[in-house]
Amino acid sequence: MDVTYRIARTEAERADVILLRDAVYVQDQGRLADTADTAATFDRFDGTAEYIVGYLDGVPVGTVKVVPDSPSGLPCDDTVDLSLLRPGNRLVEFGHLMTLPKLRHQEIGMALMRRALVHSVRTHGATHIIGDFFVDDSGGLRTFYQDIGFVALGEQYADERFQGAPLSLVATLDVSGAVQAARDDVHRGNRLLQYFFGDYDTYTSADPKGAVYAHSTPAAG
(Lines give C-alpha, C1' and ligand atoms only; values in the text may rest on other atoms or scores of the structure.)
Protein backbone atom coordinates (compact mmCIF):
# COMPACT_ATOMS: atom_id res chain seq x y z
CA MET A 1 0.00 0.00 0.00
CA ASP A 2 1.62 3.22 -1.19
CA VAL A 3 0.72 5.68 1.55
CA THR A 4 2.61 8.97 1.69
CA TYR A 5 2.93 11.07 4.83
CA ARG A 6 3.44 14.78 5.29
CA ILE A 7 2.96 17.52 7.84
CA ALA A 8 -0.23 19.47 7.25
CA ARG A 9 0.90 22.99 6.36
CA THR A 10 -1.79 24.35 4.01
CA GLU A 11 -5.42 25.17 4.68
CA ALA A 12 -6.43 22.26 2.47
CA GLU A 13 -4.27 19.82 4.46
CA ARG A 14 -5.69 21.12 7.74
CA ALA A 15 -9.15 20.65 6.28
CA ASP A 16 -8.21 17.04 5.57
CA VAL A 17 -7.64 16.57 9.31
CA ILE A 18 -11.19 17.73 10.01
CA LEU A 19 -12.53 15.39 7.32
CA LEU A 20 -10.77 12.47 9.02
CA ARG A 21 -12.05 13.53 12.41
CA ASP A 22 -15.60 13.60 11.07
CA ALA A 23 -15.21 10.21 9.37
CA VAL A 24 -13.84 8.54 12.51
CA TYR A 25 -15.17 10.33 15.59
CA VAL A 26 -18.56 11.40 14.22
CA GLN A 27 -19.64 9.02 11.45
CA ASP A 28 -17.95 5.78 12.54
CA GLN A 29 -17.67 5.90 16.32
CA GLY A 30 -20.32 8.45 17.25
CA ARG A 31 -18.05 9.91 19.93
CA LEU A 32 -18.53 13.50 18.73
CA ALA A 33 -21.81 15.06 17.68
CA ASP A 34 -19.99 17.11 15.05
CA THR A 35 -16.62 18.77 14.41
CA ALA A 36 -17.91 22.32 14.13
CA ASP A 37 -17.17 23.42 17.70
CA THR A 38 -13.88 21.92 18.89
CA ALA A 39 -11.77 25.06 19.34
CA ALA A 40 -11.99 24.94 23.13
CA THR A 41 -11.21 21.22 23.36
CA PHE A 42 -9.48 19.48 20.47
CA ASP A 43 -7.89 22.52 18.87
CA ARG A 44 -6.87 24.81 21.70
CA PHE A 45 -3.20 23.82 21.23
CA ASP A 46 -3.20 24.26 17.47
CA GLY A 47 -0.98 27.31 17.83
CA THR A 48 1.91 24.97 18.64
CA ALA A 49 0.62 21.64 17.32
CA GLU A 50 1.46 19.88 14.08
CA TYR A 51 -0.57 17.25 12.25
CA ILE A 52 0.96 14.45 10.23
CA VAL A 53 -1.42 13.18 7.55
CA GLY A 54 -1.25 10.00 5.51
CA TYR A 55 -2.51 10.02 1.91
CA LEU A 56 -3.44 7.10 -0.33
CA ASP A 57 -3.85 8.10 -3.98
CA GLY A 58 -4.28 11.69 -2.83
CA VAL A 59 -7.03 10.86 -0.35
CA PRO A 60 -6.42 11.48 3.39
CA VAL A 61 -6.55 8.16 5.25
CA GLY A 62 -5.04 8.85 8.68
CA THR A 63 -3.57 11.50 10.95
CA VAL A 64 -1.84 12.07 14.28
CA LYS A 65 -1.42 15.29 16.26
CA VAL A 66 2.01 16.25 17.63
CA VAL A 67 2.10 18.86 20.43
CA PRO A 68 5.55 19.97 21.68
CA ASP A 69 5.69 21.34 25.21
CA SER A 70 5.63 25.12 25.42
CA PRO A 71 4.74 27.88 27.89
CA SER A 72 1.12 27.01 27.04
CA GLY A 73 1.70 23.50 28.38
CA LEU A 74 0.31 20.26 26.99
CA PRO A 75 -3.24 18.89 26.67
CA CYS A 76 -2.60 16.29 29.37
CA ASP A 77 -1.78 18.99 31.94
CA ASP A 78 -5.52 19.02 32.63
CA THR A 79 -5.28 15.42 33.81
CA VAL A 80 -1.83 14.68 35.26
CA ASP A 81 0.96 16.55 37.04
CA LEU A 82 4.07 16.74 34.85
CA SER A 83 6.09 18.96 37.19
CA LEU A 84 8.52 16.17 38.14
CA LEU A 85 8.98 15.04 34.54
CA ARG A 86 9.63 18.41 32.90
CA PRO A 87 12.97 19.46 34.49
CA GLY A 88 15.83 18.56 32.15
CA ASN A 89 13.53 16.91 29.61
CA ARG A 90 11.69 17.86 26.45
CA LEU A 91 8.14 16.55 26.26
CA VAL A 92 5.97 16.03 23.19
CA GLU A 93 2.39 14.80 23.37
CA PHE A 94 0.74 12.65 20.68
CA GLY A 95 -3.00 12.74 20.23
CA HIS A 96 -5.93 11.99 17.93
CA LEU A 97 -4.24 9.11 16.13
CA MET A 98 -6.83 7.79 13.68
CA THR A 99 -7.27 6.02 10.36
CA LEU A 100 -10.29 5.59 8.12
CA PRO A 101 -12.42 2.63 9.27
CA LYS A 102 -12.05 0.76 5.98
CA LEU A 103 -8.26 0.87 6.27
CA ARG A 104 -7.84 -0.14 9.90
CA HIS A 105 -5.51 -3.04 10.63
CA GLN A 106 -3.39 -2.01 7.62
CA GLU A 107 -0.64 -0.65 9.93
CA ILE A 108 -1.20 2.94 8.82
CA GLY A 109 -1.71 3.98 12.44
CA MET A 110 1.59 2.42 13.44
CA ALA A 111 3.35 4.15 10.56
CA LEU A 112 1.83 7.49 11.62
CA MET A 113 3.03 6.95 15.17
CA ARG A 114 6.57 6.17 14.01
CA ARG A 115 6.65 9.28 11.85
CA ALA A 116 5.41 11.34 14.79
CA LEU A 117 8.17 9.87 16.96
CA VAL A 118 10.93 10.55 14.45
CA HIS A 119 9.64 14.08 13.82
CA SER A 120 9.45 14.78 17.56
CA VAL A 121 13.02 13.66 18.18
CA ARG A 122 14.41 15.29 15.06
CA THR A 123 12.57 18.60 15.20
CA HIS A 124 11.80 19.10 18.88
CA GLY A 125 14.57 17.13 20.58
CA ALA A 126 11.97 15.06 22.42
CA THR A 127 13.24 13.01 25.36
CA HIS A 128 9.78 11.84 26.43
CA ILE A 129 6.60 11.14 24.49
CA ILE A 130 3.27 11.60 26.22
CA GLY A 131 0.13 9.80 25.06
CA ASP A 132 -3.48 9.91 26.21
CA PHE A 133 -4.89 6.48 25.37
CA PHE A 134 -8.15 4.61 25.76
CA VAL A 135 -7.67 1.74 28.22
CA ASP A 136 -8.12 -1.94 27.38
CA ASP A 137 -10.77 -4.23 28.87
CA SER A 138 -8.72 -4.67 32.02
CA GLY A 139 -8.53 -0.92 32.62
CA GLY A 140 -4.84 -0.66 31.80
CA LEU A 141 -2.66 0.35 28.88
CA ARG A 142 -3.09 -1.70 25.75
CA THR A 143 -0.32 -4.26 25.21
CA PHE A 144 0.87 -2.46 22.08
CA TYR A 145 1.83 0.65 24.07
CA GLN A 146 3.36 -1.35 26.91
CA ASP A 147 5.54 -3.28 24.46
CA ILE A 148 6.95 -0.03 23.09
CA GLY A 149 7.73 1.19 26.59
CA PHE A 150 4.88 3.46 27.68
CA VAL A 151 4.25 3.66 31.43
CA ALA A 152 1.02 4.98 32.94
CA LEU A 153 0.95 8.37 34.67
CA GLY A 154 -1.82 8.89 37.18
CA GLU A 155 -5.17 7.12 37.15
CA GLN A 156 -7.67 6.33 34.42
CA TYR A 157 -10.35 8.94 33.84
CA ALA A 158 -13.42 9.63 31.72
CA ASP A 159 -12.65 11.99 28.83
CA GLU A 160 -15.74 14.18 28.68
CA ARG A 161 -15.00 15.24 25.09
CA PHE A 162 -16.05 11.80 23.86
CA GLN A 163 -19.48 10.19 24.11
CA GLY A 164 -19.59 6.53 25.10
CA ALA A 165 -15.82 6.05 24.91
CA PRO A 166 -13.71 3.81 27.14
CA LEU A 167 -11.84 5.38 30.04
CA SER A 168 -8.56 7.10 29.21
CA LEU A 169 -5.09 6.90 30.69
CA VAL A 170 -2.11 9.21 30.23
CA ALA A 171 1.23 7.46 29.75
CA THR A 172 4.82 8.46 29.07
CA LEU A 173 7.62 6.94 27.04
CA ASP A 174 11.27 7.56 27.95
CA VAL A 175 12.88 7.70 24.50
CA SER A 176 16.43 6.97 25.66
CA GLY A 177 15.20 4.05 27.76
CA ALA A 178 13.35 2.59 24.79
CA VAL A 179 16.43 3.00 22.59
CA GLN A 180 18.57 1.15 25.12
CA ALA A 181 15.97 -1.61 25.38
CA ALA A 182 15.95 -2.00 21.59
CA ARG A 183 19.72 -2.50 21.67
CA ASP A 184 19.98 -5.05 24.45
CA ASP A 185 20.01 -8.79 23.84
CA VAL A 186 16.74 -9.40 25.64
CA HIS A 187 14.72 -7.18 23.28
CA ARG A 188 16.47 -7.68 19.95
CA GLY A 189 13.62 -9.94 18.89
CA ASN A 190 10.94 -7.38 19.79
CA ARG A 191 9.83 -6.24 16.34
CA LEU A 192 7.88 -3.27 17.68
CA LEU A 193 10.87 -1.89 19.55
CA GLN A 194 13.08 -2.43 16.51
CA TYR A 195 10.55 -0.75 14.25
CA PHE A 196 10.38 2.37 16.39
CA PHE A 197 13.88 2.57 17.82
CA GLY A 198 16.22 0.18 16.03
CA ASP A 199 17.54 2.93 13.76
CA TYR A 200 17.39 5.74 16.30
CA ASP A 201 20.82 7.09 15.30
CA THR A 202 19.35 8.16 11.95
CA TYR A 203 16.66 10.34 13.54
CA THR A 204 18.79 13.48 13.53
CA SER A 205 19.76 13.17 9.87
CA ALA A 206 18.55 15.81 7.41
CA ASP A 207 14.86 15.84 6.59
CA PRO A 208 14.75 17.20 3.02
CA LYS A 209 11.84 19.36 1.85
CA GLY A 210 9.88 18.71 5.03
CA ALA A 211 9.32 15.05 4.23
CA VAL A 212 8.41 12.72 7.07
CA TYR A 213 11.02 9.99 7.55
CA ALA A 214 9.92 6.58 6.30
CA HIS A 215 10.69 3.08 7.51
CA SER A 216 9.38 -0.33 6.62
CA THR A 217 6.63 -1.71 8.81
CA PRO A 218 7.38 -5.02 10.58
CA ALA A 219 5.76 -8.02 9.00
CA ALA A 220 2.61 -9.30 10.61
CA GLY A 221 2.63 -12.59 12.48
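Annotations
- Only listed residue being among the charged types (D, E, K, R), touching a helix residue (DSSP H, G or I) at 6+ places or on another chain (Cβ under 7 Å) and either open to solvent by less than 70 Å² (accessible area, probe 1.4 Å) or at negative phi (or both), chosen from 77, 81, 147, 137: 147
- Tabulated pairs, region 86-99, first assigned to a loop (DSSP other than H, G, I, E, B), second open to solvent by 30 Å² or more (accessible area, probe 1.4 Å) and β-branched (Val, Ile, Thr), C-beta under 9 angstrom, 6+ apart or interchain: 88/127; 89/127; 90/127
- Subset tally (residues that are open to solvent by 30 Å² or more (accessible area, probe 1.4 Å) and of a type in the set (Ser, Thr, Tyr)) for region 150-175: 1
- Hits in region 29-72 (condition: aliphatic (A, V, I, L, M), outside any strand (DSSP E or B) and in contact (Cβ under 8 Å) with a residue 60 or more places away in the chain): 32, 33
- For region 13-22, taking the residues that are of a type outside the set (D, E, K, R) and open to solvent by less than 30 Å² (accessible area, probe 1.4 Å), the one that is nearest to residue 99 (Cα to Cα) is identified as 20.
- Residue count for region 103-134, restricted to those that are out of contact with any helix residue (DSSP H, G or I) (no Cβ under 8 Å at 6 or more places or on another chain) and of a type in the set (D, E, K, R): 4
The values are calculated or read from the model by the stated rules, or taken from the named source; none is laboratory data. These figures come from a predicted structure and were not determined experimentally. Quick reminder, even Gly has a Cβ in these numbers, built from the backbone with ideal geometry, and neighbours come from all protein chains shown. Accessible surface is based on the protein model in full, side chains and every heavy atom, while ligands, DNA and RNA are left aside. Shrake-Rupley method; radii C 1.70, N 1.55, O 1.52, S 1.80 Å.
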